[in-house]
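Heads up, the thing below is written out as structure tokens.
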Amino acid sequence: MSDGFDRLWADLEPIGRHPGTGGYRRYTFGAADAELRSWFAGAAASRGLDVETDGNGNMWAWWGAPGPGAVVTGSHLDSVPDGGAFDGPLGVVSALEAVAELRRRGFAPARPVAVAVFAEEEGARFGVPCLGSRLLTGAIAPERAAALTDADGVTWAEAMAGAGFDPAGLGPDPERAGRIGAFVELHVEQGRALADTGDAVGAARSIWPHGRWRLEFTGRADHAGTTRLADRRDPMLPFARTVLAARSCAARNGAVATVGRVRVEPNGTNAVPSRVTAWLDARAPGAAELDAVVAGVTAEARAAAAEHGVRLAEAQESDSPLVEFSAELRDRVAAAAGGARGPVPVLPTGAGHDAGVLASVVPTAMLFVRNPTGVSHAPEEHAERADCHAGVTALADVLQDLAGE
Ligand code: HGY
Ligand code: MN
Ligand code: MN
Ligand code: MN
């Protein structure tokens, strides 16, 4: 089984890797996307799976005719800028190899099985995470998704059409979503819990509530050398205070918050910029803490903007409420994954996933594979090959349990 995984990994891993940073640049309908889709279609077809792409750009590889009660597994192939090799791809490769393993075992599923690849899970290009699974489930209006833009102003619909897909198909897909009897996503752990417990595989208990807020500070461009400080309307100052507020408000609430994807216009050395746009990513153990963080950060952003004569436009761009995976499926998956050794550990996480979106409409569970350092969204992200193989075996055991009746 391990050479099946190793061969798939060897073909996939180099796609979109940046030679300079060693990080991965895989953006939906953009860099590396066509190559990734072609790799998936080829790898699935060589495992006897029938591949289709839905109206939202998600890919599905079917073992058996698509039908109700399907057991679906999979993840995503897109990355954050200079992300790691495993976040997303480990779930896709493991799913393909788990299906191959079940075939080798001579297992005949009693229900359809599918491997899914969801589009724009990171939201790295268009800003909203899990866009493909949100579109599938109706969690975002197709008109809003179609109009989302990347850093160059290209819309999702334009990028989709440019990649050869018809954006007219965007929108809720109750027929496909309705086919899913259970969804199980395997993912590299984005943390160190399994490294600390000494387990190769774990299961997910919950996903922290989190969201993204767009903050646009508009001041006035000026000469850096001749404009007195008192005359400036420099958007960098309220932006800077917002970054510091994100850290202090998160610390006060046992939460985490990050300000990223920053755009400074014009971005020169000797000009006071006219506008700074940034996104707040805030996550907390519960909704009350999350609200407190966001309220504190936006209060500071508003006060600082007012002090500096800067206009602030703010908008929440995505909302991911607390996800508590169904205890019944979670415990069944943890037991099947652990086998004779007993159930694998069940862990909360602060990382969002397509599984978190699907959990709102179908029974959903997650498996995690140990990440020795816990580092993710960086080239240093890692999982030992033996643990990857253990993840495939665990996923195959889970799929066999769920699709066996
Ligand atoms: O950002 C996240 O939580 C996930 O890795 N997409
Ligand atoms: Mn990620
Ligand atoms: Mn991911
Ligand atoms: Mn091995």
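Within the span defined as the range 298-316, every residue fails to be of a type in the set (A, V, I, L, M, F, W, C), under 22 Å from the mean Cα position of the chain (by Cα) and either within 17 Å of Leu90 (Cβ to Cβ) or within 16 Å of ligand 2 (Cβ to nearest atom) (or both). Here the range 302-333 is the region considered, the condition is being basic (Lys, Arg) and touching a strand residue (DSSP E or B) at 6+ places or on another chain (Cβ under 7 Å), and the residue that is surrounded by the most Cβ atoms within 10 Å (Cβ to Cβ) is Arg330.
Here Leu244 clears all of (1) crowded, with 17+ Cβ neighbours inside 10 Å; (2) assigned to a helix (DSSP H, G or I) except the condition numbered (1). Does Val93 meet the test of being under 23 Å from Phe29 (Cα atoms), in the same structural domain as Arg25 (by TED's automatic domain parsing) and of a type outside the set (D, E, K, R)? Yes, satisfied.
Scanning the range 378-400 for residues that are away from ligand 4 (no atom under 11 Å from the Cβ), open to solvent by 60 Å² or more (accessible area, probe 1.4 Å) and either in a helix (DSSP H, G or I) or touching a Pro at 6+ places or on another chain (Cβ under 9 Å) (or both) gives His382, Gln400. Of all residues in the range 78-110, those satisfying the criterion of being within 16 Å of ligand 4 (Cβ to nearest atom), small (Gly, Ala, Ser) and surrounded by 24 or more Cβ atoms within 10 Å (Cβ to Cβ) are Ser94, Ala98.
For Arg283, the requirement of being open to solvent by 70 Å² or more (accessible area, probe 1.4 Å), of a type outside the set (A, V, I, L, M) and at pLDDT 95 or above is not met.
Close contacts from the range 172-197, counting a first residue that is touching a residue at least 60 places away in the same chain (Cβ under 8 Å) and farther than 19 Å from Glu52 by Cα and a second that is among the acidic types (Asp, Glu) and open to solvent by 40 Å² or more (accessible area, probe 1.4 Å), with Cβ to Cβ under 9 Å and a gap of 6+ residues or different chains, come to Ala193/Asp199.
Answer yes or no as to whether Val264 is modelled with pLDDT of 95 or more, assigned to a strand (DSSP E or B) and open to solvent by 10 Å² or more (accessible area, probe 1.4 Å). Answer is yes for this residue.
For beta carbons closer than 6 Å, sequence separation of 6+ or different chains, a first residue in the range 359-381 that is under 18 Å from Ser206 (Cβ atoms) and a second that is at pLDDT below 95 and crowded, with 19+ Cβ neighbours inside 10 Å, there are no qualifying pairs. Residue pairs whose Cβ atoms lie under 8 Å apart, sitting 6 or more positions apart in sequence or on different chains, and linking a residue in the range 234-248 that is polar (S, T, N, Q) to a partner that is assigned to a helix (DSSP H, G or I) and open to solvent by 40 Å² or more (accessible area, probe 1.4 Å), are Thr242/Glu300. The set of residues in the range 1-38 being touching a Lys or Arg at 6+ places or on another chain (Cβ under 6 Å) and more than 18 Å from Phe118 (Cα to Cα) consists of His18 alone.
Would you pick out the residues in the range 343-377 that are within 16 Å of ligand 2 (Cβ to nearest atom), in a loop (DSSP other than H, G, I, E, B) and crowded, with 20+ Cβ neighbours inside 10 Å? Passing the criteria: Ala351, Gly352, His353, Asn371, Ser376. Checking Val113, Val128 one by one, the residue that is more than 16 Å from ligand 2 (Cβ to nearest atom) and either open to solvent by less than 10 Å² (accessible area, probe 1.4 Å) or under 12 Å from the mean Cα position of the chain (by Cα) (or both) is Val113 and no other. Count of the range 5-58 residues, restricted to those that are surrounded by fewer than 19 Cβ atoms within 10 Å (Cβ to Cβ), in contact (Cβ under 8 Å) with a residue 60 or more places away in the chain and over 22 Å from the mean Cα position of the chain (by Cα), is 1.
Among residues that are within 16 Å of ligand 4 (Cβ to nearest atom) and either of a type in the set (A, V, I, L, M) or assigned by TED's automatic domain parsing to the domain that holds Ala335 (or both), Ala200 is included. If we scan the range 206-226, do we find a residue that is under 25 Å from Gly88 (Cβ atoms), among the small types (Gly, Ala, Ser), buried (at least 18 other Cβ atoms within 10 Å of the Cβ) and touching a strand residue (DSSP E or B) at 6+ places or on another chain (Cβ under 9 Å)? The answer is yes, given that some residue of the range 206-226 is under 25 Å from Gly88 (Cβ atoms), among the small types (Gly, Ala, Ser), buried (at least 18 other Cβ atoms within 10 Å of the Cβ) and touching a strand residue (DSSP E or B) at 6+ places or on another chain (Cβ under 9 Å).
The values are calculated or read from the model by the stated rules, or taken from the named source; none is laboratory data. The model shown is predicted, which means the values in this text are computed figures rather than measured ones. Every residue, glycine as well, gets a Cβ built from its backbone with ideal geometry; the counts of neighbours run over all protein chains shown. Calculation scope for accessible area: heavy atoms of the full protein, side chains included, ligands and nucleic acids excluded. Shrake-Rupley method; radii C 1.70, N 1.55, O 1.52, S 1.80 Å.
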